[in-house]
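Student: This is the structure, below, for whatever I ask next.
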Number of protein chains: 2
Amino acid sequence: MAERLIVVGGDAAGMAAASQARRRRDRDDLEIVAFERGHFTSYSSCGIPYWIGGVVPDRDQLVARDPETFRTSFDIDVRLRHEVTGIDLERREVVARNLAGGGEVRERFDQLVYATGAVPLTPDWARTDADGVFGVQTLDDGAALRDWLDREPTPRRAVVVGGGYIGVEMAEALIKRGLTVDLVEQADQPMSTVDADMAELVSDAMRGIGIGIRTGLTVTGLETRDGRVTAVVTAEGPMPADVVVLGLGVRPNIAVAQAAGLPIGPSGGVRTDRRMRVPGVPGVWAAGDCVETLHRVSGLPVHIPLGTHANKQGRVAGINIGGGYATFPGVIGTAVTKVCDLEVGRTGLRERDAASAGFEFVSVVAESTSRAGYYPGSRPMTVKLLAERPSGRLLGAQIVGWSEAAKRIDTLAVALWNGMTVDEMTSLDLGYAPPYAPVWDPVLIAARKAVDALDRR
Amino acid sequence: MAERLIVVGGDAAGMAAASQARRRRDRDDLEIVAFERGHFTSYSSCGIPYWIGGVVPDRDQLVARDPETFRTSFDIDVRLRHEVTGIDLERREVVARNLAGGGEVRERFDQLVYATGAVPLTPDWARTDADGVFGVQTLDDGAALRDWLDREPTPRRAVVVGGGYIGVEMAEALIKRGLTVDLVEQADQPMSTVDADMAELVSDAMRGIGIGIRTGLTVTGLETRDGRVTAVVTAEGPMPADVVVLGLGVRPNIAVAQAAGLPIGPSGGVRTDRRMRVPGVPGVWAAGDCVETLHRVSGLPVHIPLGTHANKQGRVAGINIGGGYATFPGVIGTAVTKVCDLEVGRTGLRERDAASAGFEFVSVVAESTSRAGYYPGSRPMTVKLLAERPSGRLLGAQIVGWSEAAKRIDTLAVALWNGMTVDEMTSLDLGYAPPYAPVWDPVLIAARKAVDALDRR
């Protein structure tokens, strides 16, 4: 009799696991059922701000593979609008509620992949019936926001709450749609994924396209009229808003895992080993935004929800379920984003992370250009490096620039991944030609500056 | 009494060495004299095609630091138009000819940096008095070519001989200036720095902008009239030309080194150790396009003339002369170029290199896109990887694409530098956001394909 794999959550991680398992084991050997509570499978939630902003015209472009493809080409029994509400480890069954038709189903499993993703952080004031308040976590969320923006009377004033990647990207998307936009951030700066000096460059660019930035400010409530939001309430008074977008971050969606007794780590995500097995629970795997992972630089467990990790983790789980061997060795916190044509990249530890992990370090900021200074289109680029003292080992890097900047972080990410020192990095054989780099690439200039700062000549 | 450093050759390597030495030792401790046979110091010869093509309007933009800056800010006695003709190791003197004023000078040294660069490969037929035949090795060469192109009657037909980087870049520059351009290449393809399948993409792009490509063809002579070139002669008949540009590559400029008895390696360049000392000759250093270096993947000595290596090697020599410690650990053959908006990157070994170095390997070619498929401006990208079998160790990589392609080679170069396997590479934490990459970066897609090709699941 065929084994039975139940996938809980049909987005990136879950469907990557399912399709990798299927690639190695056919239907007679492994039956696969995937439950997804939403209307879509395998879509790019990172693409939502670009769809809202009109850069990507069509919602369906964000869907990598639709349920029908999984059913016909992968022989995966995808059940949309089914929310798994319980996992019975003893009877090896899941319980799922049919959100569309009503009723409940129970399904037996031999293997289970827990891939429920993350849920947005929602303060009490945002748990409201008022119209005009939106998260942008799921494609369903995005669709609701788009409908609202297209409705009469057309919303004109937006407040974005939270200055992380999604908040900043949404602020830009709404400006592009012609709204007046204020971004409210509790901390001293938006884009706190980079150090304050680098984040300041981002704030400048945001102000440059007309985004109002209010920092050190907390939203405490909403004002409404006729069931529609009219303002957010803050300690400094109300801020008028026809639409409020929440970008306060997310936490792992662990409710069902926790109830079933799966181990939860200190970062709040489901624990796994490097093959994405849930330790101590045979036949149960977890992957994606619901799990915690190892930060390879700090050595600490972290929760970093990101599609690229979800895809990799799902693939690893699927290969292992399929009888192969693959591992997910952790992350180093690489991320890139585009803010008003400004490119931002980061990897590894920020100053505060390095300090709290107990590292001694130097940090340097090097100004350079994207291309040979004389080549047309050469633009300024700022590279920041943190290096352990006295070893010189790279601990983290941040890049802000106007072109060809963000993806240069990959060069630094691979150096960091391999534990290179800044001394070694000054010798790196990187591509040089006038249209692409100065003869000393910005990455190398920064490495040289870090070597000097270590003062070990 | 101060020590005396003589620098032979005032371009990238020599002046990098001089300025690094000066940074660590002041005038009372180290006197520095630099001889340069040309009119310029520290210029970007890689920029010459862009100046010829009009992309860079002004010649002076290519000069990073002029002699006056070196004299006043670095206290370096720069002597232009002085060609060093001999090095007397016993008396520790150099002999230099004054090309401008005539006469000869002898100068004592304690330390010497040999940084004479490279000389173009010039077949017999090109050693001609005829007007209209140009190398593009030096800024003086470039100036002569530009004068010729501006002269009446305006040249209309160009033949570029040699299809390496310079040849291809010059062909494009001449097309940009409105000339009819044919490129003649002895081998089966231009751009033989990448494998044939990847080079074919480059040839297609060149044909696309109207460059005529003649492969498997050797130029054997010139036809002239009234002292001007009118055609190149080939086995397939004459090809009309008002201007002929030589891009046949270069060899290390070792004449003086050889006469002085400095050791020359099998690649034809001056040998050095990793601190850029010439072994067995105390106080003598060498750097730049005249030296040979270690290829870290093949383990073989190679001659790879490139400004970025010259700068690094010069810096290393200068730090060591200055009393510091620095090493140049070799190269991996990374190079990038732009051909008619097509971006080309390569690092490590090509198939023929890997085979001749004795490696067993798999090679894969992965098609992908520069950005998320749905994000505007996403363009095709082709990534080729070579991985050792069965270890999976990366041996080489090539990228061809229409945007954001060339510098992605750096990610692969750092992986290669660190001896990563393609298996390890599939886990790499690279930057992901829709404007910059698909959720699986092209680099990762290629690594996955290589893992599959190794067939070790």
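The values are calculated or read from the model by the stated rules, or taken from the named source; none is laboratory data. These numbers come from a predicted model, not from an experiment. All Cβ positions, even for glycine, are placed from backbone atoms using ideal geometry, and neighbour counts span all protein chains on display. Surface areas here come from the heavy atoms of the whole protein model, side chains and all, with no ligands, DNA or RNA. Shrake-Rupley method; radii C 1.70, N 1.55, O 1.52, S 1.80 Å.
Student: Please report the accessible area of residue B:273 (heavy atoms, 1.4 Å probe, ligands and nucleic acids excluded) in Å², nearest 10.
Tutor: Its heavy atoms expose roughly 50 Å² to the probe.
Student: Excluding residue B:30 itself, calculate the net charge of residues whose Cβ lies under 11 Å from the Cβ of residue B:30, where each Lys or Arg counts +1 and each Asp or Glu counts -1. Display every interim value, and only then the final one.
Tutor: On the way: positive: B:4, B:22, B:23, B:24, B:25, B:27; negative: B:3, B:26, B:28, B:29, B:31, B:75, B:110.
Net local charge, residue B:30 excluded: -1.
Student: From the cross-link list B:312/B:384; B:384/B:449; A:407/B:449; A:449/B:407, which pairs have alpha carbons spaced over 19 Å apart? Provide the component values of the computation, followed by the final result.
Tutor: Details: B:312/B:384 28 Å; B:384/B:449 10 Å; A:407/B:449 22 Å; A:449/B:407 22 Å.
With Cα atoms farther than 19 Å apart: B:312/B:384; A:407/B:449; A:449/B:407.
Student: Can you tell me, using C-alpha contacts under 8 Å and at least 6 residues apart, the relative contact order of chain B as a whole percent?
Tutor: Values: 1103 pairs, mean separation 61.1, N = 457.
It comes to 13 percent, rounded to a whole number.
Student: Would you kindly derive the ³J(HN,Hα) couplings of the stretch B:96-110 from the backbone phi angles with the Karplus curve 6.51 cos²θ - 1.76 cosθ + 1.60 (θ = phi - 60°), listing them in order in whole Hz, with x for Gly and Pro?
Tutor: Per residue, the Karplus-derived 3J(HN,Hα) values read 10, 9, 7, 6, 8, x, x, x, 9, 10, 10, 9, 6, 9, 9 Hz.
Student: Further question on the same structure: Taking square-rooted eigenvalues a ≥ b ≥ c of the alpha carbon gyration tensor, is the stretch A:16-145 rounded, prolate or oblate, where a/c under 1.5 means rounded and, failing that, a/b exceeding b/c means prolate?
Tutor: Numbers: a/c = 2.45, a/b = 1.42, b/c = 1.73.
Note, shape of the stretch A:16-145 comes out oblate.
Student: Grab the Cα-Cα distance for residue A:39 and residue A:300, subtract it from 0.36 nm times how many residues apart they are, and report the gain in nm with one decimal.
Tutor: On the way: separation 261, 0.36 × 261 = 93.96 nm, distance 3.54 nm.
Roughly 90.4 nm would be gained on extension.
Student: Quick one: the Cα spread of the stretch A:122-248 along its three principal axes, in angstroms, biggest first?
Tutor: For the stretch A:122-248, the Cα extents along the three principal axes come out at 43, 29, 24 Å.
Student: Another question, then. Applying 1/(1 + (r/R0)^6) with R0 = 41 Å to the Cβ-Cβ distance of residue B:236 and residue B:389, what FRET efficiency is obtained, to the nearest 0.05? Write down the numbers at each step before the final one.
Tutor: Details: r = 42 Å, r/R0 = 1.01.
E between residue B:236 and residue B:389, to the nearest 0.05, is 0.50.
Student: Follow-up. Each residue of the stretch B:164-169 in order: what ³J(HN,Hα) in whole Hz does its phi give by Karplus 6.51 cos²θ - 1.76 cosθ + 1.60, θ = phi - 60°, with x for Gly and Pro?
Tutor: Those phi angles translate into x, 3, 5, x, 5, 5 Hz.
Student: Here is a further query. Using a 1.4 Å probe on the protein heavy atoms, what percent of the accessible area of the stretch A:122-248 belongs to carbon and sulfur? Don't skip to the answer; put the middle values down first.
Tutor: Values: 2380 of 5430 Å².
Result for the stretch A:122-248: 44 percent of the exposed heavy-atom area is carbon or sulfur.
Student: Report the net charge of residues surrounding residue B:309, where surrounding means a beta-carbon distance below 9 angstrom and charges are Lys +1, Arg +1, Asp -1, Glu -1. Spell out each step's value before the answer.
Tutor: Working: positive: B:312; negative: A:429, B:289.
Taking every Cβ under 9 Å from that of residue B:309, the sum is -1.
Student: Continuing with the same structure: Quick one: of the DSSP bridges fully inside the protein assembly as shown, what percent are antiparallel, nearest 5?
Tutor: Numbers: 114 of 186 bridges.
The antiparallel fraction comes to roughly 60 percent.
Student: Using a Debye calculation, one point per C-alpha and no hydration shell, please list log10 I(q)/I(0) for the stretch A:335-454 at q = 0.10, 0.12, 0.18 Å⁻¹ in order.
Tutor: Each listed q corresponds, in turn, to -0.27, -0.39, -0.85.
Student: What's the local net charge at residue A:405, with K and R +1, D and E -1, over the other residues with C-beta under 9 Å away? The partial results should precede the final answer.
Tutor: Working: positive: A:379, A:407, A:408; negative: A:343, A:404.
Spelling it out: positives minus negatives among the neighbours equals +1.
Student: Distances from residue B:212 to the same position in the other copies: list them in nm, one decimal, shortest first, using label points 7 Å from Cα along Cα→Cβ.
Tutor: Relative to the other copies, residue B:212 has label-point distances of 6.7 nm.
Student: As a test of the definition: with a 1.4 Å probe, what buried accessible area, both sides summed, do you compute for B against A, in Å² to the nearest 100?
Tutor: Working: alone 19800 and 19800 Å², together 34020 Å².
Chains B and A together bury approximately 5600 Å².
Student: Same structure again: Check the straight Cα-Cα distances from residue A:176 and name the lysines below 23 Å, setting aside those fewer than 8 residues away within the same chain.
Tutor: The qualifying lysines are A:338.
Student: For the stretch A:28-38, just list the computed ³J(HN,Hα) in residue order, Karplus coefficients 6.51, -1.76 and 1.60, θ = phi - 60°, integers in Hz, with x standing in for Gly and Pro.
Tutor: Whole-Hz 3J(HN,Hα) from phi for the stretch A:28-38: 5, 9, 8, 8, 10, 10, 10, 9, 9, 6, x.
Student: Report which residues of the stretch B:432-457 become buried by 20 Å² or more of accessible surface when going from the isolated chain to the complete set of protein chains (1.4 Å probe; DNA, RNA and ligands ignored).
Tutor: B:432, B:433, B:434, B:435, B:436, B:439, B:440, B:448, B:452, B:457
Student: Return the Cα extents of the protein assembly as shown along principal axes one, two and three, sorted largest first, each rounded to a whole Å.
Tutor: 100, 61, 54
Student: Figure the gain on full extension for residue B:89 and residue B:147 (residue separation times 0.36 nm, minus the Cα-Cα span) and round it to one decimal in nm. Don't skip to the end; give the middle numbers.
Tutor: Numbers: separation 58, 0.36 × 58 = 20.88 nm, distance 4.12 nm.
Net length gain for the segment: 16.8 nm.
Student: So if each residue of separation counts as 0.36 nm, and I subtract the Cα-Cα distance between residue A:223 and residue A:129, what length gain in nm does that give? Let's see the in-between values first.
Tutor: Details: separation 94, 0.36 × 94 = 33.84 nm, distance 1.19 nm.
Length difference between fully extended and current span is 32.6 nm.
Student: Under 5 Å between amide hydrogens, which residues at least 5 positions from residue B:284 or on another chain qualify, with H placed 1.01 Å from N in the peptide plane?
Tutor: Long-range HN contacts for residue B:284: B:112, B:278.
Student: Whole number please: convex hull volume per residue, Cα atoms of chain B, in Å³. Write out the running numbers ahead of the final one.
Tutor: Working: hull volume 74.2 nm³, N = 457.
In chain B, the Cα hull volume divided by residue count equals 162 Å³.
Student: Within 10 Å of each candidate Cβ there may be at most 13 other Cβ atoms; applying that plus a DSSP loop requirement, which GluC sites (Glu not before Pro) in the stretch B:333-363 survive?
Tutor: Details: sites: B:343, B:351, B:360; in loops: B:360.
Within the stretch B:333-363, the qualifying GluC sites (Glu not before Pro) (loop, at most 13 other Cβ atoms within 10 Å) are B:360.
Student: What order do you get for B:107-118, B:143-154, B:425-436 when each peptide is scored by the mean count of other beta carbon atoms within 10 Å, highest first? Please report the intermediate quantities before stating the final value.
Tutor: Numbers: B:107-118: 23.8, B:143-154: 13.8, B:425-436: 25.4.
Averaged packing, sorted descending, gives the order B:425-436, B:107-118, B:143-154.
Student: 7 Å from Cα along Cα→Cβ at both residue A:156 and residue B:192: what's the point-to-point distance in nm?
Tutor: 7.0 nm
Student: Let me ask something else about it. May I ask you to give the solvent-accessible area per residue for chain B, in square angstrom, as obtained with a 1.4 angstrom probe? Numbers along the way, then the final one.
Tutor: Working: 17010 Å² over 457 residues.
In whole numbers, chain B has 37 Å² accessible per residue.
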